[in-house]
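Student: Let me begin by handing over the structure; questions about it come next.
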Amino acid sequence: MKSLYLACILICLLVVPASAQESDDLYFVSGLGEFSEIRKMLPSYLKSIGEQMLLERQRQVERLSTVEDLAQRKAHFRQRMLNYLGGLPERTPLNARIVGVLEREGYKVEKVVFESQPHFYVTANLYLPKSGSPPYPAVLFPLGHERGAKANPVWQQMLGSLARKGFVALAWDPIGQGERVQFYDEDLRDSKVGNSTTEHTVVGIQCLLAGDHVARYTIWDGIRALDYLLSRAEVDPTRVAVTGNSGGGTHTAYLAALDDRIHVAAPSCYLTSWRLMLQTIGPQDAEQTFPFWLQDGFDYPDFLYAFAPKPYLILSAIRDFFPISGARQTYAEAERVYSAIGAKEKLGMFEADDLHGYSKPRRLAAYRWLSRWLKGVEDNEPEQEIEPASAEDLWCTATGQVATSMGGETVFSLNKRRLEQLNAKGRLPLEEVRRRVRGMSSFEPAPAPLPVRSYGTIARSDYHIEKLVYESEPGIMIPALLFVPDRANSKKPAALLVDGGGKTAATSQAEQLVKSGLSLIHISEPTRPY
């Protein structure tokens, strides 16, 4: 028995290294110094393209110096934004209704449900002052990705403070959050796909299939929230602001740039610069990234130019994951333009030495800015503590979820209907499909012969494997395996085999194909194992 045990160990020692050696032969660029940065080649290549686009944009914006220049850029910006979104939905009846009221010290909270699209229910809380005389200035308050959505204690602190200071303020649950989880699971009592950013990614991918963008839904929710806010007799339509943090800062920038009914803007923890984003954390959530944005010559300051010359305050955290240097660059660029059109005093920037979030220093700066431009006085009063209500107290639905209380539409069902409408138009001619695919993928035919280098050959039974590296774009090296039948004495049919796991993942399939008489090349995806 002991000798049998030793024999088994010996067999393992002999067999495993042979298998490992065979695998190592296929991963033939591993360990070669010239390919030490191969996993960074594609990101580096894309960043270099982005840098060139940003340099071209810089040359364009240096010429901005008049109100007419800004008007032209604003019109171009809006046209392109609407194109990115896939247009905006039709404005339909809100069918708004108040489903409950919370009485609080110095203000009250109305629980509101409205339809941003037919049967696409939006749950919202409207904060109303109990003192002063209407009509009041109003604040639209889009939310970020923080847990709790409209019930988040920080949001309640700011919304309650605004109401006590004489503002009407409206917050609503974004899709994928609060009472509007799009993939709600009754057993989990949560989303099937995890947190809100993952929900946005999943629905974002669905929207791309229809040629739309998930921000089409989130922006339209915000525009319809503004419709509701302005429908209230308590609100002065000539004094309206928008402010929010993180994802709420994103939609503050979007809504201010797209809707002329907004008079003051103050995004928190969002604005930076794309040059710094490319160098650090890169693109973020689905609703924050648009294809062709850099190609069309846009950067974060363009949100300000679409709003100028109205009052705009950039609220930033020095230790944010959105690079503070980028926010400072955006402010510096926009300050030159605001100064050129005689509106320097309408642009501000406030920094706090803290982390991502609508922290108290930024809230106080926002109160001062909003009061200055909507009331004509600067508010330097301290912020009083707000006792947060529970999420259940702020619910607008019986179960805390639209999906289980009201049903109705989801982004998925609305997007599916969009696809059905497109499909009803019939199939496109093949040449038109090719034209569109080339346009969307920015495909361009190779201007020169393909550079290819050989890294040896592996002999197999009835065929051999040539180890190759070709350069698909300047600086993009693609390791590949060329499977060639040994018996081939003339040109044979060929195939291209691509596997998501890399060039070694489907070797058995490649072997079957080459033994049937095909020549084929098996390549790695640029982000997969080499």
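The values are calculated or read from the model by the stated rules, or taken from the named source; none is laboratory data. What you are looking at is a predicted structure, and each value in this text was computed from that prediction instead of being measured. Cβ atoms come from the backbone with ideal geometry, glycine included; neighbour counts cover every protein chain shown. With ligands, DNA and RNA removed, areas are computed over all heavy atoms of the protein, side chains included. Shrake-Rupley method; radii C 1.70, N 1.55, O 1.52, S 1.80 Å.
A quick yes/no check of all residues on (1) touching a Ser or Thr at 6+ places or on another chain (Cβ under 7 Å); (2) touching a residue at least 24 places away in the same chain (Cβ under 8 Å):
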| position | (1), (2) |
| --- | --- |
| S133 | no, no |
| L143 | no, yes |
| A149 | no, yes |
| G160 | no, yes |
| L170 | no, yes |
| K192 | no, no |
| E199 | yes, yes |
| V202 | no, no |
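Student: Also, I was wondering about something else. Determine the pairs where a residue that is within 19 Å of T201 (Cβ to Cβ) and open to solvent by 60 Å² or more (accessible area, probe 1.4 Å), located within segment 409-422, has a partner that is part of a helix (DSSP H, G or I) and among the aliphatic types (A, V, I, L, M) with Cβ atoms under 7 Å apart, the partner being 6 or more residues away or on another chain.
Tutor: F412/V203
Student: Right, another one. V61 passes all but one of (1) touching a Cys at 6+ places or on another chain (Cβ under 8 Å); (2) more than 28 Å from E234 (Cα to Cα); which number fails?
Tutor: Checking V61 against (1) touching a Cys at 6+ places or on another chain (Cβ under 8 Å); (2) more than 28 Å from E234 (Cα to Cα), the one that fails is (1).
Condition check ((1) touching a residue at least 24 places away in the same chain (Cβ under 8 Å); (2) open to solvent by less than 80 Å² (accessible area, probe 1.4 Å); (3) over 30 Å from F114 (Cβ atoms)) across all residues:
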{"site": "L26", "(1), (2), (3)": "yes, yes, yes"}
{"site": "F35", "(1), (2), (3)": "yes, yes, yes"}
{"site": "T66", "(1), (2), (3)": "yes, yes, yes"}
{"site": "A71", "(1), (2), (3)": "no, yes, yes"}
{"site": "P89", "(1), (2), (3)": "yes, yes, no"}
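Student: Also, I was wondering about something else. Under 9 Å by Cβ, and 6 or more places apart or on different chains, what pairs join a residue from segment 347-366 that is under 23 Å from D302 (Cβ atoms) and part of a strand (DSSP E or B) with one that is among the charged types (D, E, K, R) and open to solvent by 30 Å² or more (accessible area, probe 1.4 Å)?
Tutor: L347/E335; M349/R328; M349/E335; F350/R368; E351/R328
Student: Continuing with the same structure: Looking only at helices (runs of 4 or more DSSP H) that fall completely inside segment 146-264, which ones have 1 or more residues that are at pLDDT 95 or above and in contact with a helix residue (DSSP H, G or I) (Cβ under 6 Å, 6 or more places away or on another chain)?
Tutor: 153-164, 215-231, 247-258
Student: Here's a follow-up. Return a yes/no flag: does segment 377-399 have any residue that is assigned to a loop (DSSP other than H, G, I, E, B), open to solvent by less than 70 Å² (accessible area, probe 1.4 Å) and at positive phi.
Tutor: Among the residues of segment 377-399, not one is assigned to a loop (DSSP other than H, G, I, E, B), open to solvent by less than 70 Å² (accessible area, probe 1.4 Å) and at positive phi, which makes the answer no.
Student: Looking only at segment 199-214, count every residue that is open to solvent by 50 Å² or more (accessible area, probe 1.4 Å) and either hydroxyl-bearing (S, T, Y) or in contact with a Cys (Cβ under 8 Å, 6 or more places away or on another chain) (or both) and tell me the total.
Tutor: Within segment 199-214, residues that are open to solvent by 50 Å² or more (accessible area, probe 1.4 Å) and either hydroxyl-bearing (S, T, Y) or in contact with a Cys (Cβ under 8 Å, 6 or more places away or on another chain) (or both) number 1.
Student: Go through (1) within 27 Å of Y270 (Cα to Cα); (2) surrounded by fewer than 24 Cβ atoms within 10 Å (Cβ to Cβ) one by one and return the number of the condition G100 breaks.
Tutor: So G100 meets the others, but not (1).
Student: Oh, and also: So in segment 449-475, with the set limited to residues that are basic (K, R) and open to solvent by less than 90 Å² (accessible area, probe 1.4 Å), which one is farthest from G33 (Cα to Cα)?
Tutor: R460
Student: I would also like to ask the following. Among the residues of segment 186-219, write down those that are of a type outside the set (G, A, S) and within 14 Å of T410 (Cα to Cα).
Tutor: Selection gives E199, H200, V202, V203, Q206, C207, V214, R216, Y217, T218.
Student: Since A340 meets every condition but one in (1) aliphatic (A, V, I, L, M); (2) crowded, with 20+ Cβ neighbours inside 10 Å; (3) within 21 Å of Y305 (Cα to Cα), which condition does it not meet?
Tutor: Every condition holds for A340 apart from (2).
Student: Against the definition (at pLDDT 95 or above and surrounded by 21 or more Cβ atoms within 10 Å (Cβ to Cβ)), how does S325 come out, yes or no?
Tutor: For S325, the condition - at pLDDT 95 or above and surrounded by 21 or more Cβ atoms within 10 Å (Cβ to Cβ) - is not met.
Student: Answer yes or no: is there a residue in segment 318-334 that is in a helix (DSSP H, G or I) and free of Cβ contacts under 8 Å to residues at least 12 places away in the same chain.
Tutor: yes
Student: Considering every residue within segment 496-516, establish whether at least one is at pLDDT below 85, surrounded by 15 or more Cβ atoms within 10 Å (Cβ to Cβ) and over 42 Å from the mean Cα position of the chain (by Cα).
Tutor: Looking through segment 496-516, none of the residues is at pLDDT below 85, surrounded by 15 or more Cβ atoms within 10 Å (Cβ to Cβ) and over 42 Å from the mean Cα position of the chain (by Cα).
Student: While we're on this one: What is the number of the single condition among (1) buried (at least 24 other Cβ atoms within 10 Å of the Cβ); (2) polar (S, T, N, Q); (3) touching a Pro at 6+ places or on another chain (Cβ under 9 Å) that Q177 does not meet?
Tutor: Every listed condition holds for Q177 apart from (3).
Student: From V122, V109, V139, grab the single residue that is in a strand (DSSP E or B) and farther than 23 Å from D260 by Cβ.
Tutor: Of V122, V109, V139, the one residue that is in a strand (DSSP E or B) and farther than 23 Å from D260 by Cβ is V109.
Student: Sticking with this one: Can you give me the ranges of the helices (runs of 4 or more DSSP H) entirely in segment 1-94 with at least 3 residues that are touching a helix residue (DSSP H, G or I) at 6+ places or on another chain (Cβ under 7 Å), among the aliphatic types (A, V, I, L, M) and modelled with pLDDT of 95 or more?
Tutor: The qualifying helices (runs of 4 or more DSSP H) are 67-85.
Student: Which residues, counting only those in segment 258-309, are touching a residue at least 40 places away in the same chain (Cβ under 8 Å) and of a type in the set (D, E)?
Tutor: Across segment 258-309, the qualifying residues are D285, E287, D296, D299, D302.
Student: Output the residue which, of all residues in segment 270-310 that are more than 24 Å from E62 (Cβ to Cβ) and touching a helix residue (DSSP H, G or I) at 6+ places or on another chain (Cβ under 6 Å), is surrounded by the fewest Cβ atoms within 10 Å (Cβ to Cβ).
Tutor: Here the answer is D285.
Student: Y217 - would you say it is open to solvent by less than 20 Å² (accessible area, probe 1.4 Å), of a type in the set (F, W, Y) and free of Cβ contacts under 8 Å to residues at least 60 places away in the same chain?
Tutor: Here the answer is no, as Y217 does not meet what is asked.
Student: Oh, and also: Conditions: (1) open to solvent by 40 Å² or more (accessible area, probe 1.4 Å); (2) within 15 Å of the chain's Cα centre (by Cα). L188 meets all but one. Number of the miss?
Tutor: Of everything listed in (1) open to solvent by 40 Å² or more (accessible area, probe 1.4 Å); (2) within 15 Å of the chain's Cα centre (by Cα), L188 misses just condition (2).
Student: On to the next question. In segment 341-378, what residues are in contact with a helix residue (DSSP H, G or I) (Cβ under 9 Å, 6 or more places away or on another chain) and closer than 22 Å to N125 by Cβ?
Tutor: G357, Y358, S359, K360, R363, A366, Y367, L370
Student: Looking at (1) more than 21 Å from L255 (Cβ to Cβ); (2) open to solvent by less than 20 Å² (accessible area, probe 1.4 Å), can you tell me which one S196 breaks?
Tutor: Going through the list (1) more than 21 Å from L255 (Cβ to Cβ); (2) open to solvent by less than 20 Å² (accessible area, probe 1.4 Å), S196 breaks only (1).
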